[in-house]
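Written below as structure tokens is the structure these notes are about.
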Amino acid sequence: MLLTAGLFFFGRTIPSKKTISAANNQKNRNTESDHNSHIIIDSILALAKRQLSTEQVARISRLENTLSGGQVTKDQQIHIYHQLARFWADSARIFEPYAWYLAEAARLENSEKTLTFAAQLFLDNLQNEEVPGQKQWKALQAKDLFERSLKINPENDSTKVGLGACYLFGDISTTPMEGITRIKEVADRDSTNVYAQLMLVKGSLLSGQFDKAISRLHTIVRLEKNNAESMLLLADLYERTGDKPNAVTWYQKCLPFVKQADVKKAIEKRIEALKN
């Protein structure tokens, strides 16, 4: 059942040489992202374009050529990046170029809101990424964006947690505990920070420390009494550790808050199975 909860509970980039020459003017580009990733954006875009029609490739090329012409203002660059992002999201439905162009626009805009939004896109996606090189690439992109956001607002705890999560899930550090340490600094200072608690739950699951995950999930459901995702995962973990009565209790508690009919049906069947 833990996999079902995972679906309910949890939700490509090196800057290149580059075909979009305007990006070359960004002098503060993160060098680790430039040099240490295994996948480059040129390769990602080339592979993505193979999935497009001739007409779509022509449309993308026109936008890219506008950028490479060298006579565009910063605002025009941002607008074109947004156009490219919308194309890859709406027409092509390919995540990596969508997130990349949104991130490029955010780097040019350099606002806390846009940088954090783009960073969170990469962070959410990389947690389900199975290819190591792509996971690292996405983590480095998110890391760069979170760091830029923190320069604007160094006191944003959610951004600090997001940065720690890049290390936790992205395999971009030789010190595995670096991500946990960064997140714990926030959670230890503010135990009511649900985002920090949630990231620590995920960290505990990665290391198989179910007792710690259960303890933190109890903290979350005390703070957010209608948090169905946390209740469901709590029930799963109790079941996984052999505590059927508590598993049934938490499955029952989460039912009123579950909106998806198929998930609700699966939970009801699980309750019956555990009672028998």
Checklist line | Whole-Hz ³J(HN,Hα) from phi, Karplus 6.51 cos²θ - 1.76 cosθ + 1.60, for segment 227-241, glycine and proline x | finding: 7, 5, 4, 5, 4, 5, 5, 4, 4, 4, 5, 4, 5, 5, 8
Margin query: If I model a spin label at residue 111 and residue 212 as a point 7 Å from the Cα along the Cα→Cβ vector, what separation in nanometres do I get?
Written below: 3.8 nm
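Which order, highest average first, do 146-159, 115-128 follow once you tally other Cβ atoms within 10 Å for each residue and take the mean per peptide? Numbers along the way, then the final one.
Values: 146-159: 16.9, 115-128: 21.4.
With the highest mean Cβ count within 10 Å placed first, the list reads 115-128, 146-159.
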Check: Spin-label point model (7 Å from Cα, Cβ direction): what's the residue 269 to residue 54 distance in nm?
Finding: 4.9 nm
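Based on other C-beta atoms within 10 Å, arrange 250, 88 from fewest to most.
On the way: 250 25, 88 22.
The fewest-first ordering by Cβ neighbours comes to 88, 250.
Which of 57, 194 comes first, and how do the rest follow, when ranked by fewest Cβ neighbours within 10 Å? Don't jump to the answer; show the numbers that get you there.
Numbers: 57 13, 194 19.
The fewest-first ordering by Cβ neighbours comes to 57, 194.
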Notebook entry, point to check: Cα extents of the chain along the three principal axes, largest first, in whole Å?
Noted result: 69, 42, 29
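Give the shape of segment 193-276 as rounded, prolate or oblate, defined through the alpha-carbon gyration tensor: a ≥ b ≥ c are the square roots of its eigenvalues, a/c under 1.5 means rounded, and otherwise the shape is prolate if a/b is larger than b/c and oblate if not.
On the way: a/c = 2.06, a/b = 1.36, b/c = 1.51.
Because a/c hits 1.5 or more and a/b fails to exceed b/c, segment 193-276 counts as oblate.
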Notebook entry, point to check: Which of 153, 125, 53 sits closest to the plus end of the dipole of the chain, meaning its Cα is farthest towards the positive end, when Lys and Arg get +1 and Asp and Glu get -1 on the C-beta?
Noted result: 53
Check: Could you give me the ³J(HN,Hα) list for segment 98-105, computed from phi with Karplus coefficients 6.51, -1.76, 1.60 and θ = phi - 60°, whole Hz, x at Gly and Pro?
Finding: 4, 5, 4, 5, 5, 5, 4, 5
Notebook entry, point to check: Would you list 72, 258 from fewest to most Cβ contacts within 10 Å?
Noted result: 72, 258
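Taking the Cα centre of the chain as origin, sum charge times position over the Cβ atoms of Lys and Arg (+1) and Asp and Glu (-1), and report the length of that vector in debye to the nearest 20. Spell out each step's value before the answer.
Details: 37 positive and 32 negative charges, 67 e Å.
Around 320 debye, computed over the chain.
How big is the dipole moment of segment 68-158 about its Cα centre under a simple scheme where the beta carbon of each Lys and Arg is +1, that of each Asp and Glu is -1, and everything else is neutral? Debye, nearest 20, please. Spell out each step's value before the answer.
On the way: 10 positive and 13 negative charges, 40 e Å.
Roughly 200 debye for segment 68-158.
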Margin query: If I model a spin label as a point 7 Å beyond the Cα along the Cα-Cβ vector, how far apart are those points for residue 173 and residue 128 in nm?
Written below: 2.6 nm
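Using 1/(1 + (r/R0)^6) with R0 = 25 angstrom and r between the beta carbons of residue 86 and residue 46, what's the FRET efficiency to the nearest 0.05? Each step should come with its number before you reach the end.
Working: r = 20 Å, r/R0 = 0.81.
The calculated FRET efficiency here is 0.80.
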Notebook entry, point to check: So what J values fall out for segment 212-223 if you push phi through Karplus, 6.51 cos²θ - 1.76 cosθ + 1.60 with θ = phi - 60°, rounded to Hz, Gly and Pro as x?
Noted result: 5, 4, 4, 4, 6, 5, 4, 4, 5, 6, 5, 7
Notebook entry, point to check: To the nearest 20 debye, what is the magnitude of the charge dipole of segment 193-276 about its Cα centre, counting +1 on the Cβ of each Lys and Arg and -1 on the Cβ of each Asp and Glu?
Noted result: 100 debye
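Could you work out the helix-only [θ] at 222 nm for the chain, with each DSSP H run of four or more residues adding -39,500 (n - 2.57) and the total divided by the number of residues, to the nearest 500 deg cm²/dmol?
-22000 deg cm²/dmol
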Note to self: List the lysines whose Cα sits under 23 Å from the Cα of residue 160, skipping any in the same chain fewer than 8 residues away.
What the structure shows: 113, 135, 138, 143, 151, 184, 202, 212
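Each value in this text was obtained by applying a stated rule to the coordinates, not by laboratory testing. These figures come from a predicted structure and were not determined experimentally. Using ideal geometry, Cβ is built from the backbone for each residue, glycine included, and neighbour counts are taken over all protein chains shown.
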